[in-house]
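Heads up, the thing below is written out as structure tokens.
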């Protein structure tokens, strides 16, 4: 038996609750066109036993290397055993090889599952499908079962905390910087370990999203640390646009080449660059908006309208992007009209 549908009709949290209340065993798959990714959650009697986001079916290996719990060589050796026919989960191979203790593996697996679930529970668009049956053995790395009700409660708590941090951390594209040397001190500095870790990684170039990836931490934990450090006056959070060059174009940032290609009318070149950017950061509002511009310029009006629809659903738009909403909506309507007119002639 399969339960499926768009998330705009049934919220992802409601899907989790239905599975939990029914004590169902099976696999939930959620796809998101905006994010250009998918999530998979395995349930056993209503509890979560595995969860992944993205294309990597075994993200725990990369996580253990990133957190310096195992070496890249140990991971490569474990994967080689699997490729040669060893049916054991990756975690079991690493434990039996002495690369990591079982308790530490379980702790990292629990954290990895929680991070995937908390991100998934924040999705407001997409399509879900739950297939009842035994969980996929490849997804289940260890006998861990997390209560779904507890995950939902923690997700709600995090959403409340996000709303409280919004005044200083409106989105993950803010860039933390060290304050000027003549800024007044706020007294004795007492920081948590993660706050010290993040402070050491602040370089004035990377935003919170990039820092979370570099530190191997969840975006929520990094945002919370940034909020605490900013409140204490240890860092300042800069959400300003990239610097502007002498000819008036934005010189820095990944969109620089895109703007240059657009200025020269090289729409295919700009499209290719935007596709690469959106592959790594599908939630970048300006990239999504400009992608629609490129599609319209190439005569792909239906695709342009869909891109601008996706842009309108993004919750990461800056104030400057938000101010463009009326214009983007007019472009979307025009693109849909053109697409319908052209399709009518083809018919």
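The values are calculated or read from the model by the stated rules, or taken from the named source; none is laboratory data. Bear in mind the structure is a predicted one, so any value in this text is a computation, not a measurement. Because the Cβ atoms are built from the backbone with ideal geometry, glycine has one as well, and the counts that use them run over all protein chains shown.
Looking at (1) in contact (Cβ under 8 Å) with a residue 24 or more places away in the chain; (2) assigned to a loop (DSSP other than H, G, I, E, B); (3) over 21 Å from residue 63 (Cα atoms), which is the one condition that is false for residue 206?
(3)
Can residue 76 be described as in a helix (DSSP H, G or I) and surrounded by fewer than 16 Cβ atoms within 10 Å (Cβ to Cβ)?
Values: in a helix (DSSP H, G or I): yes; surrounded by fewer than 16 Cβ atoms within 10 Å (Cβ to Cβ): yes.
The answer is yes for residue 76.
Select, from 324, 298, the only residue that is surrounded by 15 or more Cβ atoms within 10 Å (Cβ to Cβ), at pLDDT 85 or above and outside the structural domain of residue 32 (by TED's automatic domain parsing). Don't jump to the end; show me each part of the working.
Details: 298 fails: surrounded by 15 or more Cβ atoms within 10 Å (Cβ to Cβ).
After ruling out the rest, the residue left standing is 324.
May I ask you to say which residue of 63, 29 is in contact (Cβ under 8 Å) with a residue 60 or more places away in the chain and assigned to a helix (DSSP H, G or I)? Lay out the reasoning, then the answer.
Working: 29 fails: assigned to a helix (DSSP H, G or I).
From the options 63, 29, the qualifying one is 63.
Residues being at pLDDT 85 or above and either in the same structural domain as residue 213 (by TED's automatic domain parsing) or under 27 Å from the mean Cα position of the chain (by Cα) (or both): count how many of those fall in region 62-88.
9
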